[in-house]
1. For a protection proxy built on the mean count of beta-carbon atoms within 10 angstrom, sort 502-510, 624-632 highest first, please.
2. Return, for the Cα atoms of region 333-461, the radius of gyration and Dmax in Å, separated by a comma.
3. Return the Rg/Rh value of region 278-369, two decimal places, where both radii are evaluated on C-alpha atoms and Rh is the Kirkwood radius.
4. Grab the beta carbon distance between K396 and H155, set R0 = 51 Å, and tell me the FRET efficiency rounded to 0.05.
5. For helix 252-267, report the angle its Cα long axis makes with the longest principal axis of the Cα atoms of the chain; keep it between 0 and 90° and round to the nearest 10°.
6. Given the C-alpha centroids of region 431-489 and region 237-316, what is the distance between them in whole angstrom?
7. Mind checking the angle between helix 137-155 and the chain's longest principal axis? C-alpha axes, 0 to 90 degrees, to the nearest 10.
8. Gap in Å between the Cα centre of region 619-659 and the Cα centre of region 11-49?
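Throughout, read-outs are computed from the coordinates displayed, never taken from laboratory work. If you're wondering where the values come from, they're calculated on a predicted model, not measured in any experiment. Cβ coordinates were reconstructed from backbone atoms using ideal geometry, including for glycine residues, and neighbour counts include every protein chain displayed.
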Amino acid sequence: LCAVKAPASTIVYTFDTSQGLGRRFDGIGGLSAGASSKLLVNYPEKQRDEILDLLFRPNYGANFHILKVEIGGDAQSTDGTEASHMHYPWDKNYQRGYEWWLMKEAKMRNPDIKLYGLPWGFPGWVANYTENPYADRQQLAMYIVNWIKGAKTEHNLDIDYIGIWNERKYDIEYVITLRKTLDENNLSSVLIIAADDFNWDQISADIFTHPEFNKAVYGIGIHYPGTKSSVSAVDTGKPLWSSEDFSTVDDVVGGGCWARLLNMNYVNGLMTSTISWSLIASWYNGLPYSGAGLMTAFEPWSGHYQVTTPLWVSAHTNQFAKPGWHYLAHGKGVGNFTFGGSFVSLQSPDEQDFTIVIETISHNMSVCIRPYLPPYTVQNQTVVIKLEGPLKIINKLSVWYSKLSKEEPSSMLIQKTGILVTDGQFQMDLGIDEIWTLTTVTTGAKAKREPPPSKPFPVPYFDDFENSSEFSEPNNLTPQLRSYEVLRNSTTQNQFIRQTSLHNPVEWCGNDNHPRSFAIIGSNDLKHIGISVKFNLDIANATDGVFLSTRVNATGCASIQSSGVFFSIYPKLSKFVVSSDFEGLHPLQEGTLTKIPVYSRWNELELQVAGNYAWGSLNNKELFDINNIPDDPSMGFVGLGTTEYGLADFDDLRLFEPK
Ligand code: 147
C-alpha cells in the first residue's frame with residue numbers, strides 16, 4: 001500500500017487594487033563592474049550580438065531594466081581594474097574601457113533601460129594622494145560629474161542614477177556637494193542612490209538628522225540585504241533598493257537564489273529594485289567568483305557562452321513588468337503562501353496590464369553566496385487566487401513556467417496554456433521549485449540560441465594591438481593592478497599598450513597598495529608555457545623596470561600574494577631577479593644586465609617555463625637557465641607588469657609552447 005500524502009488544504013488568496021497599491025517598481029538590473037565584462041567586448045560579433053540580445057533586447061531574454069556600471073578608477077575592483085576617465089588631473093578621456101560600449105549596446109536594444117554609475121576606486125590624485133576620496137569633496141564631485149557629462153557629450157548617454165563609493169564609507173558633506181554640483185551642471189535629472197553599503201539604519205538615521213542630506217538622497221541602496229530592510233529605512237519614505245545582490249554561481253541553485261530574491265526583496269523588504277553582481281560572468285574562469293553572473297561568457301576565442309538558469313529567471317519578472325509599474329499592496333496581491341513560496345503582483349500605470357510572479361523555491365535550491373539563509377519549508381499546495389475590485393474584469397492570463405531541478409534538466413520559461421479566469425477566480429496546483437508568471441502581457445518570448453562549443457585558450461597566441469581601437473583595453477590581457485590601454489604612435493601609426501597610471505589609486509580592496517602594476521592573460525591552467533613581449537621605456541615618467549610571469553595563482557584583490565615564476569629586470573640598476581613570488585621576496589636567481597642597452601629602443605623580454613626549468617632572455621641574450629622552480633604552483637596565468645610606479649609601453653605580446 002502506498003501512503004498518499006494528504007494535500008495541504010486549499011487556501012484562498014485575494015488580489016485587489018481598489019484599496020490602493022504598493023510601492024513603485026524601479027526595475028531589475030545587472031552590474032558590469034569589477035572588470036566583469038572584460039572578455040565580452042572581445043567576442044566575435046555574431047555571438048556578441050546574441051549575448052547582448054539575451055541580456056537587453058525586450059521580450060527576448062533577460063530584458064534588464066537597469067544597467068549599473070563601474071566608473072573605472074584604475075584600481076582593482078574584484079576581477080581586474082577598470083580604467084579611469086581621468087588618470088591624471090589634466091587628463092579627460094571618455095573612450096577607455098568597455099562600459100561606454102556596453103551602455104550604448106544596451107540603450108540601442110532598449111532605449112528605456114536606466115543607467116547607474118558607481119565608483120569602486122579612484123586615481124590617487126582625486127584624493128590628493130591620500131586614502132580618503134573625500135579629502136577634496138568638490139574635486140571628487142567634479143570627477144564624477146565629468147564622467148556623467150562625458151557620457152552625454154561623447155556617447156549621447158543619459159545617466160539616471162549615480163552612487164557614492166562602493167561598499168566603503170560615505171560622507172554626508174560629499175553627498176550634499178555632489179547633489180549641488182550635479183544641479184549646477186544641469187544634471188538635476190541624475191538621482192543619487194546612497195550609499196551602496198550594508199547598513200540600512202545608519203543611512204536612515206543620517207537622513208533623519210540632516211535635512212540637506214535627506215534632500216540629496218533619492219533612494220537608499222544596500223548590498224546583500226538578505227531580503228530585509230529596516231523599519232527606519234521604510235520610515236524615510238525613500239525608494240529602497242538592493243543595489244547589489246546575488247554574486248552566486250549561475251547554476252540551478254543560483255537561479256533559485258535569484259528567483260527568491262526577485263520576489264522576496266519586495267515581499268520582506270519593500271525593495272523596489274534588485275541589481276545583480278554580475279550582469280554576465282565575462283572574466284576568466286579561475287579569477288575570483290568564477291561564474292557569478294546571470295549568464296556566462298568567458299571564451300571570446302571560441303565564441304562559446306552559456307545561457308544559464310538565472311537568465312531565464314530574470315525573464316519571468318523583467319519581460320512582464322517595467323519600471324514605473326506599481327506593486328500591489330501587501331495582503332492584496334503580495335505575500336507568502338501558507339505552505340511556502342511567495343507571490344508579487346504588479347500593475348502598469350495605465351492599469352491595462354497586470355502580472356503575478358510566483359516562486360516556490362525550496363531552501364536548498366535557493367541558497368545565495370550571502371547572507372546565511374535560515375531554514376524554511378515549501379510543500380506542494382493548491383491555491384485559489386481571487387481577483388477582486390478592478391482586477392475582476394480580467395478573464396485570461398498568459399502563463400510562463402519554470403521548474404528548477406538538479407536531477408533532470410530544468411525547464412525554463414515555458415509558455416503554458418493560458419488560464420481562463422471565471423468570475424475573477426482560478427485555482428492552481430503549485431509544486432516545489434517552480435516559478436510562474438501569470439500575466440495579461442502578451443509579448444513574452446523565449447530566445448533560442450546555439451552557442452559554438454567551448455575551446456581552451458589558444459596557444460600560440462599573438463597580439464600586436466593593431467586591431468584594437470585607440471584607448472581601449474588590450475584584448476584578453478586583464479589588468480589586475482593599475483591600468484593598461486592601447487595607444488597609437490602618431491608618427492609611425494604603430495599601436496602598442498601603455499601602463500598609464502603613475503601612483504597608487506584610492507584602493508577598493510584595501511590591501512593591494514603596491515608599486516608594481518600587473519596584467520594577466522591566458523588561462524589558470526597553463527603549465528609549460530613561454531611568454532615574450534616588446535617593451536619601451538623611452539618615455540617621460542617611465543618605470544624603472546618591467547617583468548614577465550608564469551603560473552600566476554592569485555588574482556583580484558589577492559594579486560600581490562601570487563606565487564609563480566616572476567622575471568623582473570631593472571635597467572637603471574642593471575639587474576634582473578627571478579623570484580617565486582610577485583613581490584620578489586623569494587629570489588631564485590639574481591644577475592646583472594651588463595652591456596645590454598635598453599633605452600631609446602624597443603626591447604624584447606622572454607620567459608619560458610617547463611617543469612622545474614625556467615629560462616629567460618633580454619634582447620635575445622640569455623640571462624638565466626635554472627632548474628629549481630618550485631613544484632607548487634604547477635600552473636596558472638601568465639602576466640606582465642612594471643616593477644615600479646611609472647609608465648611603460650609594451651607591444652607584440654606572444655604566448656608559445658616552450659622550446
Ligand atoms: C561585492 C563587490 O561590490 C563586487 O564588486 C564583487 O566583488 C562582489 C562579489 O561577491 O561582492 O563585494 C563584497 C565582498 C564581500 C562581501 C560583500 C560584498 N561580504 O563578505 O559580505
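1. On the way: 502-510: 20.4, 624-632: 12.7.
Averaged packing, sorted descending, gives the order 502-510, 624-632.
2. Expressed in Å, the Cα Rg and Dmax of region 333-461 come to 18.5, 69.
3. On the way: Rg = 17.1 Å, Rh = 15.7 Å.
Reported Rg/Rh, Kirkwood definition of Rh: 1.09.
4. Details: r = 43 Å, r/R0 = 0.84.
Computed FRET efficiency for K396 and H155 comes out at 0.75.
5. 60
6. Computed from Cα coordinates, the inter-centre distance equals 15 Å.
7. 80
8. Centre-to-centre (Cα) distance: 42 Å.
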